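The values are calculated or read from the model by the stated rules, or taken from the named source; none is laboratory data. On a predicted model such as this, the values are computed, not experimentally measured, just so you know. A quick note on method: Cβ atoms are made from the backbone with ideal geometry, for glycine too, and the neighbour counts reach across all protein chains shown. Note: accessible area is taken over every heavy atom of the protein model, side chains too, but ligands, DNA and RNA are not part of it. Shrake-Rupley method; radii C 1.70, N 1.55, O 1.52, S 1.80 Å.
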There are 2 protein chains.
Amino acid sequence: MTEKNNYLKIVFLGGLGEVGMNMMALEWKDKILIIDAGLKMPEEDMPGIDYIIPNVEYLKGKKENILGFVFTHGHYDHIGALPYLLPSLWHPKIKFFASSLTRGIILKRHEEFKDLPRIFVKEIQDKERIKIGPFFVEFFKQNHNIPDNMGLFIETPVGNLLHNSDFKFDSDPIYDQPTDFARLEELGKRGVLLLMSDSTDAEEEGHSLSEREIMENLEKVFQMAQGRIFAATFASLINRIQQIITLSERYKRKVLIEGHTMKMNVQMAKFLGYLKIKRNTLISAKDLETLPDSKITILCTGSQGEAEAVLMRVVHKQHRYLKIKKGDTIIFSSSVIPGNERTIQNMKDGFLRQGAEVFHYKMMDIHAGGHAKKEELKKMIEIMKPKFFLPIHGQFSMLVGHKKIALSLGIKEENAILAENGDILYLKEDQFFLEKGETPSNYVMVDGLGVGDVGEVVLRDRKVLSQDGIFVVIAVIDKQTGAVKTSPDIISRGFVYLRESKELLKEVRKKVISIIHRATLSGKVVNFTYLKAEIRNQLGEFLFQKTKRRPVILPVLIEV
Amino acid sequence: MTEKNNYLKIVFLGGLGEVGMNMMALEWKDKILIIDAGLKMPEEDMPGIDYIIPNVEYLKGKKENILGFVFTHGHYDHIGALPYLLPSLWHPKIKFFASSLTRGIILKRHEEFKDLPRIFVKEIQDKERIKIGPFFVEFFKQNHNIPDNMGLFIETPVGNLLHNSDFKFDSDPIYDQPTDFARLEELGKRGVLLLMSDSTDAEEEGHSLSEREIMENLEKVFQMAQGRIFAATFASLINRIQQIITLSERYKRKVLIEGHTMKMNVQMAKFLGYLKIKRNTLISAKDLETLPDSKITILCTGSQGEAEAVLMRVVHKQHRYLKIKKGDTIIFSSSVIPGNERTIQNMKDGFLRQGAEVFHYKMMDIHAGGHAKKEELKKMIEIMKPKFFLPIHGQFSMLVGHKKIALSLGIKEENAILAENGDILYLKEDQFFLEKGETPSNYVMVDGLGVGDVGEVVLRDRKVLSQDGIFVVIAVIDKQTGAVKTSPDIISRGFVYLRESKELLKEVRKKVISIIHRATLSGKVVNFTYLKAEIRNQLGEFLFQKTKRRPVILPVLIEV
């Protein structure tokens, strides 16, 4: 590696080739700066898993080299893995930097993990320039759908990097400054060696919607609504929460905040000055009965159909005090995360059945994503005029789409790199190249208290169990004679309903006894491993013939 | 029920309040006519299930009253449940009616079920009018994305019903006649008491795309493609298959058909004259090597990311002879069925990584659904001028959307009914009303050879097993002393990786021994059911504390 000592190394620990779990390391002569530490929600084929976190194998043994973490914004796909990674990465000199709201969210979440070391997060301001080891990091405000989102202009020994966080351009945001193009141009003029740019919406044509347009559409819903309004959105979408609250105030509605994370975020954002809420706007559950329906907004979580969230409990009539009435209006003010479509459709149907009106982003623009679309991405490249280009944040097809945009603007093919988690990039004044898969990038899964202890084997077992269930056969064998004592016991879960399958079970018992007797009564020494394998194979074949199902078969043999 | 003897009964066995599984029964004084018998794919929370089929509990004991089945078209959501339902519904006098292609598909599929009685399906023509008991059914051609699709004009003792199958209006279809509006108007003029109309796209604005537009866009891809083209679509989308074949012929490409169902359908549609294919167009696998890449189209299944389909095997490099090369072009010419988004995205990423170009319907219009959108649905209602209106085929929100359309055109609120599976509708010249949930409508699931034997219990077990796995503890207890003989055995699947959890298992063994000894050594008579419950509870609590996971715990106690 010494021959690459004059290169800046950029190591992707997450977020490249997938959505979520953003984390990268910049390394200059053994000094490491980390940007973000996000988590990702599990995929459909990972039953029981809570989160996926970045694989930090690369940092093993380099803990002392880590100067610190810089965070771009407070969304969980940028900060959420920190508590799980700290036990292996923390040392007393490590530094953390974040803007005010981001810092608030990080620390609030940190409180929920009792066993972790206390951390000090330095609050940084827009335009602030800090020195961290060999790097100077300058922060610049970027519009997104959470306030206090910061892009990073990073001066390194090889040249300037621009990391634009998650961003969109918004000339007309709500309670926020419009994009400061002059500032961006000023940064561009200083010379950008490498632009790392958000690819999430690189396959989407045109411009992202302005929050002003969203506001106008939401207002139409407020004008129409006769009864209560249930407005569901992400708890982290502070801007949208502000819009709902402002509209409620405008239409003389009081607002009940429902859902643990939503409550927590509103409380903190309000405390830090990122939410403007009039006195008397917020109410508590007991106030619901004293107000007419037309004066009530319920701001809640669950727009993605999350099983435990408020909206799901309401639609399933399992919420303690919120029940849908005819005339209620439900607003889904969020996009649909891929994979949740069916759940959300079923939820929509449920509300309609109960007599509510439902509004969602497919019907009118009551949600805007937080990410720049093609035209904005072009503009970003045109402003920064980078020599080298790296599309970040996104599934592979998005990175490909973003690279095409860069090429269309004259970036040279060899200067725009498609990289993925686990790849290491090497950067110098006049060179930018990649070595593929240099560091492990397999998923690290969090399940309950376990971090990384559920691997491929356990996950494969879970999937097999879920397909056809499990079938346990217990036989007690006489040590002296080799005969099966009493009829074998059978326990099964998820295979067939035992009470209705007596005939099948009778045959199974007969079959098991005959397999054992053929082995044990022959007089030869019996190998139990072999005998168990025989039962698994023959019984498996038999059950498949009878049912075309393949349950996991567990033979338990006990010699007495 | 006698007081309702003068009503036509319409019983929904499926397809109302959900997509797929279409089946209804018309009943007049104990004579029953069935329309369609479709299946539905399982939802995400039904692991291991192959299909869902209509619940025909209502027809129990009325088998002899069934006059016959009329099928509208050959898609599996309209014909696919027939083989599973026949064992309980068939009698020697039952009649089946379908158009030529639909009949071909039904019979071809029937061949795969060896144990079923042979069925005779009478082939019907466009404009044919047949008498079935008290009903006259007249067939009329409707455009959809499979040829030979028939709407039904049904004369009943109470008045005329119009059932428009799945349909869209297409003034410019490919190898098919455009919508015959004169015919539709003629039917409308005869007087339609009740219109039952396809709601699938009732929430979509505007008009469906014409197949001509799709053709033009597909042609652009053919013009650009340098290497091989992999065109993936549904095996049942005969029109799209024709388009791909025609374009291949136009651009001097030979076509390899891959995938069992695709092959079967192409063969049959060709035989029946619904596909026009030049001699020498179709090739077999061994011809691939003799042709330049630019002269090859591979028409295949798997556009939905089905695990076993051709496209999935290709992207995972598991196909026997098809491997992606740089320069290949992949066309996903189909919509994304909700729930498949992530799988398809991952597949797209996989092809891009291997150097292929990917085109899908979000990038350009290379797929059109087969269903009428708002403007077409309006036109249908305007032509038929029904007194009563029933939106069919669709999730509840689609039915609601369709009803709104009807109301906007002057249909009276009380004359447009929202019904769901299990509801029974009563129709007379001047009356149309519903009784809710009169017949069971819970899902009947097909799993392997079992039809309806996987119920809620088994499914719940499968889900629990998939979350945190299973944990089996086996203890042998001395009948005389109550002591546990040797250390308890532990088998676990899907919970933790046993080899890496030695410490935990040691504690579990100690815990189990102590629970048993506390009960057995006390001298009291031991109730094994109680003891097992104790182990389940205490061990469950212990494992949750240690791991925050809740595996299924199976205690096996053996007394010797």
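Points to keep in mind about this one:
- Against the list (1) surrounded by 13 or more Cβ atoms within 10 Å (Cβ to Cβ); (2) more than 52 Å from the chain's Cα centre (by Cα), the condition A:Arg518 fails is (1).
- Some residue of segment B:43-51 being modelled with pLDDT of 95 or more and touching a Gly at 6+ places or on another chain (Cβ under 9 Å): no
- Top-ranked residue of segment A:398-424 - restricted to ones that are within 12 Å of another protein chain (Cβ to nearest Cβ) and of a type in the set (A, V, I, L, M), ranked as surrounded by the fewest Cβ atoms within 10 Å (Cβ to Cβ): A:Leu418
- Applying a threshold of 9 Å to beta carbon distances and a minimum spacing of six or more residues, or different chains, the list of pairs starting in segment A:367-391 at a residue that is on the phi > 0 side of the Ramachandran plot and ending at one that is part of a loop (DSSP other than H, G, I, E, B) reads A:Lys385/A:Gly191; A:Lys385/A:Val192.
- Of the listed requirements (1) within 30 Å of B:Lys403 (Cβ to Cβ); (2) of a type in the set (S, T, N, Q); (3) out of contact with any helix residue (DSSP H, G or I) (no Cβ under 8 Å at 6 or more places or on another chain), B:Ser284 misses just one: (1).
- Only a single criterion out of (1) farther than 22 Å from B:Leu418 by Cβ; (2) within 10 Å of another protein chain (Cβ to nearest Cβ) is not satisfied by A:Phe351, namely (1).
- When B:Gln395 is tested against (1) under 24 Å from the mean Cα position of the chain (by Cα); (2) open to solvent by 10 Å² or more (accessible area, probe 1.4 Å); (3) closer than 30 Å to A:Gly206 by Cα, only condition (3) is not met.
- Residue-level check: of (1) at pLDDT below 95; (2) in a loop (DSSP other than H, G, I, E, B); (3) buried (at least 21 other Cβ atoms within 10 Å of the Cβ), A:Gly61 misses just (3).
Conditions tested, residue by residue: (1) in contact (Cβ under 8 Å) with a residue 12 or more places away in the chain; (2) surrounded by fewer than 22 Cβ atoms within 10 Å (Cβ to Cβ).
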{"site": "A:Pro292", "(1), (2)": "no, yes"}
{"site": "A:Thr297", "(1), (2)": "yes, no"}
{"site": "A:Ser303", "(1), (2)": "yes, no"}
{"site": "A:Ile324", "(1), (2)": "yes, yes"}
{"site": "A:Ile331", "(1), (2)": "yes, no"}
{"site": "A:Gln345", "(1), (2)": "no, yes"}
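- Every residue from segment A:475-496 that is surrounded by fewer than 20 Cβ atoms within 10 Å (Cβ to Cβ), on the phi > 0 side of the Ramachandran plot and at the interface with another protein chain (Cβ under 10 Å from one of its Cβ atoms): A:Thr486
- In the set A:Ser171, A:Ser210, A:Ser199, A:Ser165, only one residue is over 26 Å from A:Tyr321 (Cβ atoms) and touching a helix residue (DSSP H, G or I) at 6+ places or on another chain (Cβ under 6 Å); that residue is A:Ser199.
- Of all residues in segment A:497-513, those being away from chain B (no Cβ under 11 Å), open to solvent by 50 Å² or more (accessible area, probe 1.4 Å) and without any contact (Cβ under 8 Å) to a residue 24 or more places away in the chain number 5.
- Residue list for segment A:425-438, filter: surrounded by 17 or more Cβ atoms within 10 Å (Cβ to Cβ) and either at the interface with chain B (Cβ under 7 Å from one of its Cβ atoms) or modelled with pLDDT under 90 (or both): none
- The residues of segment B:433-464 include none that are in contact with a Leu (Cβ under 6 Å, 6 or more places away or on another chain) and within 21 Å of B:Ile52 (Cβ to Cβ).
- Elements of type strands (runs of 3 or more DSSP E) contained in segment A:342-429, each with 2 or more residues being closer than 30 Å to B:Gln395 by Cα: A:357-360
- Going through (1) touching a Gly at 6+ places or on another chain (Cβ under 9 Å); (2) within 19 Å of B:Ser236 (Cβ to Cβ); (3) surrounded by 21 or more Cβ atoms within 10 Å (Cβ to Cβ) one by one, B:Ser100 falls short only on (3).
- Complete set of residues in segment B:354-364 that are modelled with pLDDT of 85 or more and either open to solvent by 30 Å² or more (accessible area, probe 1.4 Å) or at the interface with another protein chain (Cβ under 9 Å from one of its Cβ atoms) (or both): B:Gln354, B:Glu357, B:Val358
- Here segment B:439-474 is the region considered, the condition is being assigned to a loop (DSSP other than H, G, I, E, B) and in contact (Cβ under 8 Å) with a residue 40 or more places away in the chain, and the residue that is nearest to the other protein chains (Cβ to nearest Cβ) is B:Gly448.
- Scanning segment A:136-147 for residues that are at pLDDT 95 or above and not polar (S, T, N, Q) gives A:Phe136, A:Val137, A:Glu138, A:Phe139, A:Phe140, A:Lys141.
- Enumeration of residues in segment A:331-343 that are within 12 Å of chain B (Cβ to nearest Cβ) and touching a Lys or Arg at 6+ places or on another chain (Cβ under 8 Å): A:Phe332, A:Pro338, A:Gly339
- Filter pass, A:Val552 being within 26 Å of B:Gly469 (Cα to Cα), within 10 Å of chain B (Cβ to nearest Cβ) and open to solvent by 50 Å² or more (accessible area, probe 1.4 Å): no
- Qualifying residue in segment A:526-544 (condition: within 12 Å of chain B (Cβ to nearest Cβ), more than 18 Å from A:Val476 (Cα to Cα) and open to solvent by less than 50 Å² (accessible area, probe 1.4 Å)): yes
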